[in-house]
Amino acid sequence: MKIMVVGCGKIGATITKALIAEGHDITVMDNDPAVISEITNIYDVMAICGSGTDCEALAEAEVDTAELFIAVTGSDEFNMLSCFLAQKMGATYTVARIRNPQYNAKKSDLLKKELSISHAINPELSAAKEMLNVLKLPSAVKVETFSRGNFEMIELSVKENSPLDNMMLMELRKKYTEKFLICAVERDDKVYIPGGNFVLKSGDKIGLLAAPTEIQRLLKQLGILQKQARNVMILGASRTAYYLSRMLLDSGNSVKIVEINHARCIEMSEALPEAVVINGDGASRELLLEEGIANVDAFLSLTGDDEKNILLSYFALEQNVPKVITKVNRDEYFATAEKLGLETIITPRKSIANIAVRYARALQNSMGSKVETLYKLMDEHAEALEFVAAADCEILGIPLKQLCTKPNVLVGGIIRGRRAIIPNGDDAIMAGDRVVVISTGHPLADLEDIVEG
């Protein structure tokens, strides 16, 4: 697919990298010559130095041949105008980065309709939703939802002395009656789609798939269910912090925000009158102690400084905060953060790259059982995808045990109506089912891609 990306900052570069890995023909555009030089040194792409609102530059980039046009500069208005011009000049589908809270859902939908924007993406809102899911289930490192919440995939770390340590999966299923599936295990930077004889070890990161109620019951049985975070402290009054605080407050939680910039504190206080906003340097451990960090249910470090986020998150762990979430943008800091014991690490740009990849795959296969949801799991070594089974899908009605599925591909769940099914070999996919598939090493664009050709 021919795709054009306007804006090559952190978000644009991450989307470009992800789409190149998918095999797409990419053209990038940015008005900064240094940025263009850097991205062409790294990736084999066609690059145009120019403005996404300059019709001549768009024509030079052959925007009329673009099947997908993505505008992700730092300006919402620029992105919307760029998409509007691209669509008028012949681009088939357009995606705009729109992140300002003033463009709420109602306004955003109106703008999308009037400007013929196919899809809007908001990195900060996506990250906030991801964090909210984890705060609702703090035992998990990560929580992904399928079929409007009827199924969940959670990532857990197997601790020493955990009931899961040295447990064979078939024995685990016999011991606990809840309906669940451990569908992926990361160990020593390798990801496995485990069979029944697989033995879990401390240090493993596991992917567990089940209905939300089943997950709650299983974690309680295992003795690792933590209570939902109600008292939350957030460092940094970023857009992500605003979106997350708004959702937490609407759910009846208490929120305290620490921000060094006085003007931003005033803005947040006006926008979130129910929150407690502290004007102070969050890098001061004395301030955090004074504000009660040792007594909160969760601490989130969401500043724009990765080093600060990591160090203060580690300090929160030292204060025995039950749940710590850290925003990290730079890949090179991930290993350091994990070695310090930070488990839940959020990167907004990667969430948006996943959305762009899913959207591109869906467009490629608009006539089949297209991708509805796509998540990268286990440090991006695996994928969890949700498909809606089309009526003409060739694998309908065939028991799963009779399907010749590709290696390292697993049908992990089926949602039929509101019923969540952990399938066995005798189950079959029916038309209209939502099907959750786990895959390593196989980029899937259609449900039929799970079987050998």
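The values are calculated or read from the model by the stated rules, or taken from the named source; none is laboratory data. Just so it is clear, the structure is predicted and the values come from calculations on it, not from any experiment. Heads up, the Cβs are rebuilt from the backbone with ideal geometry, glycines too, and the neighbour counts pull from every protein chain shown. Surface accessibility is based on the protein's heavy atoms, side chains included, excluding ligands, DNA and RNA. Shrake-Rupley method; radii C 1.70, N 1.55, O 1.52, S 1.80 Å.
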In this structure, the FRET efficiency calculated for E338 and E38 from their beta-carbon separation, with R0 = 25 Å, to the nearest 0.05, is 0.35
What ratio of Cα Rg to 2.2 N^0.38 Å holds for segment 1-126?
0.97
Percent of Cα pairs exceeding the 23 Å cut-off, where the set is segment 305-411:
48 percent
Farthest towards the positive end of the dipole of the chain, among L68, Q402, A128 and with Cβ unit charges of +1 on Lys and Arg and -1 on Asp and Glu, lies the Cα of Q402
Using per-residue counts of other Cβ atoms within 10 Å, averaged over each peptide, order 383-390, 273-280, 177-184 from highest down.
383-390, 177-184, 273-280
Within straight cross-link reach of K220, meaning Cα distance under 20 Å, which aspartates and glutamates are found once same-chain residues fewer than 8 apart are removed?
E144, E152, E155, E160, D165, E171, E178, D204, D297
Scoring only Lys, Arg, Asp and Glu (+1, +1, -1, -1) among other residues with Cβ under 13 Å from the Cβ of H119 yields +3
When the chain is fully extended, how far beyond the present Cα-Cα distance does D379 get from A21, taking 0.36 nm per residue of separation?
127.3 nm
As a check on your grasp of the helix formula, calculate [θ] at 222 nm for the chain: sum -39500 (n - 2.57) over DSSP H runs of n ≥ 4, divide by the residue count, round to the nearest 500.
-9500 deg cm²/dmol
Give the carbon-plus-sulfur fraction of the accessible surface of the chain in %, rounded to a whole number; probe 1.4 Å, heavy atoms of protein chains only.
48 percent
For a quick check: with amide H placed at 1.01 Å from N, whose amide H comes under 5 Å from F69's, ignoring anything fewer than 5 positions away on the same chain?
M4, Y93, T94, V95
Where Lys and Arg each count +1 and Asp and Glu each count -1, what net charge lies around T177 among other residues with Cβ under 15 Å from its Cβ?
+3
How many angstrom separate the Cα center of segment 62-88 from the Cα center of segment 409-430?
39 Å
Excluding residues on the same chain fewer than 8 positions from K113, give the lysines whose Cα lies under 17 Å from its Cα.
K88
With a point put 7 Å past each Cα toward its Cβ, work out how far A391 is from E160 in nm, to one decimal.
5.9 nm
Of [x] 192; [y] 206; [z] 151, the label for volume of the Cα convex hull per residue in Å³ derived from the coordinates:
[z]
Rg ratio (alpha-carbon, reference 2.2 N^0.38 Å) - segment 157-234
1.16
Volume per residue, Å³, of the convex hull around the alpha-carbon atoms of segment 380-453?
87 Å³
Checked against a 18 Å limit on the C-alpha separation, the offending pairs among K136/K370; K159/K339; K136/K227; K159/K323; K142/K350; K112/K327 are K136/K370; K112/K327
With +1 on the Cβ of every Lys and Arg and -1 on the Cβ of every Asp and Glu, the dipole magnitude of the chain about its Cα centre, in debye rounded to the nearest 20, is 1620 debye
Looking at the chain, send over the antiparallel percent of its DSSP beta bridges, to the nearest 5.
50 percent
What's the FRET efficiency of R285 with N424 using the Cβ-Cβ distance as r and R₀ = 60 Å, to the nearest 0.05?
0.70
Relative contact order %, the chain, counting alpha carbon pairs below 8 Å whose residues are six or more apart
12 percent
By the scheme Lys and Arg +1, Asp and Glu -1, what is the net charge of all other residues having a beta-carbon under 14 Å from that of G453?
-4
Towards the positive end of the charge dipole of segment 320-453, with charges on Cβ (+1 Lys, Arg; -1 Asp, Glu), say which of T440, L385, P423 has the farthest Cα.
L385
Please give the FRET efficiency for M170 paired with E452, using the beta carbon to beta carbon distance and R0 = 22 Å, rounded to the nearest 0.05.
0.25
Skip the ligands, DNA and RNA, and give the accessible area per residue of the chain with a 1.4 Å probe, whole Å².
44 Å²
